[in-house]
1. Test of understanding: express the Cα radius of gyration of the range 15-132 as a ratio to 2.2 N^0.38 Å, with N the residue count.
2. Please get the size of the charge dipole for the chain, origin at its Cα centre, with Cβ charges of +1 on Lys and Arg and -1 on Asp and Glu, quoted in debye to the nearest 20.
3. Quick check: Cα centre of the range 92-133 to Cα centre of the range 58-80, how many Å?
4. To the nearest 500 deg cm²/dmol, what mean residue ellipticity at 222 nm is calculated for the chain from DSSP H runs of n ≥ 4 alone, each contributing -39,500 (n - 2.57), summed and divided by the residues?
5. Compute the orientation-averaged projected area for the range 74-133 from the convex hull of its Cα atoms and round it to one decimal in nm².
6. In the chain, if the dipole is taken from +1 on Lys/Arg beta carbons and -1 on Asp/Glu beta carbons about the Cα centre, which of Phe24, Ala68, Ala36 is farthest to the positive end?
7. Can you compute the radius of gyration and Dmax for the range 27-76, using only the Cα atoms, both in Å?
8. Given springs between every Cα pair under 10 Å in a Gaussian network model of the chain, which of Lys117, Lys55, Lys96 has the largest fluctuation?
Amino acid sequence: MATEKYAWKGKSSSTETIDSDAVFTTFATIPVREGAESLWFEFDTTADAALSAFKVEVRPHSNANWHAVANVSSDFTTNIQAPLEGVDTNPTSLAKSSSSMIWMGVKGLDSVRFSAKAGSSDAKVSDYYWQQR
């Protein structure tokens, strides 16, 4: 009898640099595992700089365009809507040496992408994620 996996975890990258310019830097693209229903995404900023903007995008299938589901402060605080389910710290203005966790439903999605902008100087982030059936 085969055992089934009910949860998967991973680290999508080593520490990534978020540029301090007007363009979003994508620092994590996570393929949704077959059968996954939930995704938890945790990321940390280093002491280099704070974040000034943050964006979560989803892709419903591999040939689809990316669709932003959260990209302004209220999307992560007072106006959380599906597929986002919760956030412990607003990532759009995350201070240096801080962390944030986002949890969301991913059933039926192909992949999820996380992007950010840094403030006055380049920021560095590292991230971890896990998915669950």
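Just so it is clear, none of the values below were taken in a lab; they were calculated from the coordinates. Remember, predicted model here, so these are calculated numbers, not experimental data. Note that each Cβ is placed from the backbone with ideal geometry, even for glycine, and that neighbours are counted across all protein chains shown.
1. On the way: Rg = 13.4 Å, N = 118, 2.2 N^0.38 = 13.5 Å.
Relative to the rule-of-thumb radius for its length, the range 15-132 sits at 1.00.
2. On the way: 12 positive and 16 negative charges, 49 e Å.
Rounded to the nearest 20 debye, it is 240 debye.
3. Spelled out, the Cα-based centre of one part sits 12 Å from the other.
4. Working: 1 runs with 4 residues, N = 133.
Value at 222 nm, helices only, nearest 500: -500 deg cm²/dmol.
5. Working: hull surface 19.5 nm².
The Cα convex hull of the range 74-133, projected and averaged over all directions, gives 4.9 nm².
6. Sorting the options by dipole projection puts first Ala36.
7. 13.3, 38
8. The residue that fluctuates most here is Lys96.
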